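Written below as structure tokens is the structure these notes are about.
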Amino acid sequence: MSIRVLIADDQQMVRQGFTVLLGAEDGIEIVGQAVDGLEAVGLAGRLSPDVVLMDIRMPGMDGIEATRRITAAAPGVGVLVLTTFDLDEYVYEALRAGASGFLLKDASAAQLAEAVRVVAAGDALLAPAVTRRLIAEFARLDGGPGAPPRRRVGELTGRETEVLALIARGLSNAEIAGRLVVAEQTVKTHVGRILVKLGLRDRTQAAVFAYESGLVRPAGP
């Protein structure tokens, strides 16, 4: 089964470029293109893509609101946010809205295809070198509007709290297993329980939660 991809970007050259790059990849099919967020929401409902490549800054309905609507209506759809620079506060808001990760628009064809496959598999694209810095930069509004209540962290066991903190640091399941000296399957079980207890969509939202709740403090410059 091919991975069905919808591309949403107000720039025609960007849409065409991604279509050409991904169209050359085995197992990936471009099912539609949207010029703004509103069209992306409509096409996502009709075409049932596996992954939406979502530009953030579009006229009319932006990528943040479109991401919120798409993930609310179809939790199984992965949204991969596209941005021109990594420290973009709008990207952080998109992650909070339900995006599974983000990718720079100048990514190579191989990086783009891998990102689509990762998100289609139900995983979050949480690159430690970039996404962690982004989250840390814009999670300084601890206790501000939209921040989760601190008491929810108390619903986790001690081990689950450890795992959540390591997720926020950008570690993979295998790396967490090595750090805690447990089986990788045990880590997967902990991650699943964390998401259920906190009502979160994926690892990216778990990382956002860890910073917003104050469990993990933003790194220094």
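FYI, it's all coordinate maths here, none of it is from the lab. Remember, it's a predicted structure, so these values are computed and weren't measured experimentally. In this analysis, Cβ positions are derived from the backbone assuming ideal geometry, glycine residues included, and neighbour counts consider all displayed protein chains.
Across the range 1-102, Cα pairs under 8 Å and at least six residues apart give a relative contact order of 25 percent. Across every direction, the projection of the convex hull enclosing the Cα atoms of the range 46-95 has a mean area of 3.6 nm².
Extension gain for residue 29 to residue 162 (0.36 nm times residue separation, less C-alpha to C-alpha distance): 44.0 nm. A simple spin-label model places pseudo-atoms 7 Å from Cα toward Cβ; at residue 74 and residue 215 they are separated by 3.0 nm.
Phi angles of the range 106-113 translate, via the Karplus equation with coefficients 6.51, -1.76, 1.60 and θ = phi - 60°, into HN-Hα couplings of 8, 4, 6, 4, 5, 5, 4, 5 Hz per residue; Gly and Pro are given as x.
Here is the list for the range 1-109: trypsin sites (Lys or Arg not before Pro) lying in DSSP coil, each with at most 15 other C-beta atoms within 10 angstrom of its C-beta, are 57. The dipole here belongs to the range 144-212: it is taken about the Cα centre, uses +1 on the Cβ of Lys and Arg and -1 on the Cβ of Asp and Glu, and is about 160 debye.
With θ taken as phi - 60° and the Karplus curve 6.51 cos²θ - 1.76 cosθ + 1.60 applied, the whole-hertz 3J(HN,Hα) list for the range 40-46 is 4, 4, x, 5, 4, x, 8 Hz, x standing for glycine and proline. Annotation: average projected area of the range 3-125 is 6.1 square nanometres, based on the convex hull of Cα atoms across all directions. Each semi-axis of the equivalent ellipsoid for the range 144-212 is √(5λ) with λ an eigenvalue of the Cα gyration tensor; in descending order they amount to 21, 12, 10 Å.
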